[in-house]
1. What figure, in Å² to the nearest 10, do you get for the accessible area of residue 312 with a 1.4 Å probe and non-protein molecules left out?
2. If you count only protein heavy atoms and use a 1.4 Å probe, how large is the accessible surface of residue 101, to the nearest 10 Å²?
3. Report the residues of the stretch 21-45 in range of a label on residue 101: point 7 Å along Cα→C-beta, backbone N strictly under 12 Å from it.
4. Roughly speaking, what is the stretch gain from residue 4 to residue 197, that is 0.36 nm per residue apart minus the C-alpha to C-alpha distance, in nm to one decimal?
5. Report the FRET efficiency, 1/(1 + (r/R0)^6), for residue 340 and residue 44, where r is their Cβ-Cβ distance and R0 is 51 Å, rounded to 0.05.
6. In what order, largest first, do 55, 271 sit by accessible area if the probe radius is 1.4 Å?
7. Assuming R0 = 51 Å, can you tell me the calculated FRET efficiency for the pair residue 353 and residue 264, based on Cβ-Cβ distance, to the nearest 0.05?
8. Using a simple spin-label model with points 7 Å from Cα along the Cα→Cβ vector, what separation in nm is obtained for residue 368 and residue 189?
Amino acid sequence: MAGKWIPVAELTGSGRPVLQPGEVECSILSSVDLECEENPSFPLFKSGLLILTTHRLIWIPETAAAAAASLTAAAVPLASVSHIFSPKKSIKSMFASPRVRFQVSTTPEGRVEPRGTRSAVITLVLRGKSDPDSFLSKLWEAWRGRAWESSGPDGSESKNIGSTNTGSSSGGLRMPVVGVAGILRKEQEMWESTDKSLQEAFQDLSALMSKAKEMVMLADKMRLKLLSGSSNQPSAANDEIIGSKEEMQDWLLSVGIVSPVTKESAGALYHQQLSRQLADFVKIPLERAGGMMNLIDIYCLFNRARGTELISPEDLVRACSLWEKFDVPVMLRKFDSGVMVIQNKSHSDEEVLSRIKILMLKADALLNGISASDAAITLGIAPAMANEHLLMAESRGFLCRDVSPDGFRFYVNLFQEINLHDIYSVKDHGPYSTWVKSTASFNLHN
């Protein structure tokens, strides 16, 4: 129903908004109502989460009542805003919830559109703890910045590209690139352009941060183009080219997060929004790692992706602990030894145990046992994680360990295979039978 009057906003699996190319979050407020008194059919957007970005005002339902009323996430494009009203100062306003009013363009049917022929006034009622003056100034700044105009229909920086091309030829006629001299001249121009960009980036810290954000946006656009290009490739495409494209996509994915959640933009909702963004971020690393990763590794990857907006270990642990309150596909797990990991909820210990059984039933493992390093190579995980899995297999009675100055070595638990009434009987199958055959073969060759 909300999509009839306001464009619907797409959300991730953790409830975070899917940002458009070049879009960055500016402020986050809780318990915000969205009203339009001029339209009696306008739905009641009550007590939701409001996210101000450089492109949109995104309203997300925050309560169960809003979800039961079939209210989906909605977004008011800043391109449709034609005027922002100054707040009214009166005695009545001192005792009422702060309100922010702005005028938007609509279609004759009343739907908010950037190029509508009619207009309507939308009111934001800020019922939560917030600073209305700070939010209003950020809204003015985002609206005046008009960041949505710098992106073309496909998300590319069409204006910047056009200005760059015309600027290089505005000084006079451009000679065609011919021969070795032309190639050298073109390389020189490229180096001069790169040197100019570096000088601009290192003027001060704010300029460096803005350049970094531009590079992250550029990497995301390149990744999307590579994904669309690979889907159009014929089935008989060269495997080496496809492999290089996948490697390039992985590299671009690790460049960074376009709009990291910060204390400045999220305020009191910092840990809540950080938790949701982290849940979206860890999906790809967990898939590559087999469904489980050490918390320390996640901390390094997440901070590298955030660039200059680093978080503390305490913030990371607190964000992970909030996953219990959200419907996200990941969880924080703590082993008996104190090691903390992040894993998918679909991750199965039985699958890991079956892989350990296959490893332990090999002849060399039956005779000499395995260490955490041996299991780490087979399972493709860190030795500390492999040690936790081996201890888990020991607690279930499949393994037993030998403690020596060289460390732990784990062996198949053969005590369960021995018949106490006839200790010399050997079954035709099972770990005990395999161990007897391996031992006999080893003694025969030695």
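1. Near enough 40 Å² of accessible area.
2. 90 Å²
3. Counting only backbone N, you get 36-38.
4. 65.0 nm
5. For residue 340 and residue 44, the calculated efficiency is 0.75.
6. Descending accessible area places them as 271, 55.
7. 0.65
8. Going by the 7 Å Cα→Cβ label model, 6.3 nm.
The values are calculated or read from the model by the stated rules, or taken from the named source; none is laboratory data. These numbers come from a predicted model, not from an experiment. Methodologically, a virtual Cβ is constructed for each residue, glycine included, from the backbone with ideal geometry; neighbour enumeration extends over all protein chains shown. Keep in mind that these areas ignore ligands, DNA and RNA; they rest on the heavy atoms of the full protein, side chains included. Shrake-Rupley method; radii C 1.70, N 1.55, O 1.52, S 1.80 Å.
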